[in-house]
Amino acid sequence: MCASPHWNTPPRIRERSARPLTGPGRLEAIAAELRAAVRPALNLAHPDPEAVRLTALADQIAAPPGRGCAGPGCTVELDHAGVSSRRRYCGDACRQRAHRARTTKITPA
């Protein structure tokens with residue numbers, strides 16, 4: 001059996017990557033379900049770090065790519081005009097909050 005010589009050509013790769021993975025509103029629905037699932041854990045006096053991380057993930061899913069701060073729960077819009085590399089965070093506080101959300105380990109009691 002011989003593989004087709006055209007299976008991995010640049011036009012074929014562009015064709016596959018141009019197709020959307022989900023419908024227009026599906027990602028927003030997934031993000032809303034995720035937020036609803038972790039809401040009770042966020043309302044505690046000391047929120048669970050995993051709940052904070054999942055909320056940040058929901059924010060990233062729902063936000064248009066490359067427009068807002070990647071910090072957990074941050075809604076600041078970033079201006080990328082004239083910058084050679086795109087900023088991910090609006091400031092050091094959001095960058096540190098995101099780092100803590102990624103690296104905090106949950107230990108069983």
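The values are calculated or read from the model by the stated rules, or taken from the named source; none is laboratory data. On a predicted model such as this, the values are computed, not experimentally measured, just so you know. Note: ideal-geometry Cβ built from the backbone for every residue, glycine included; neighbour counts use all protein chains shown.
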Query raised in the report: Checking THR75 against (1) under 27 Å from THR103 (Cβ atoms); (2) modelled with pLDDT of 85 or more, which test does it fail?
Result: (2)
Query raised in the report: For the subset of region 18-72 comprising residues that are of a type in the set (Val, Ile, Thr) and more than 17 Å from ARG100 (Cβ to Cβ), which member is modelled with the highest pLDDT?
Result: ILE30
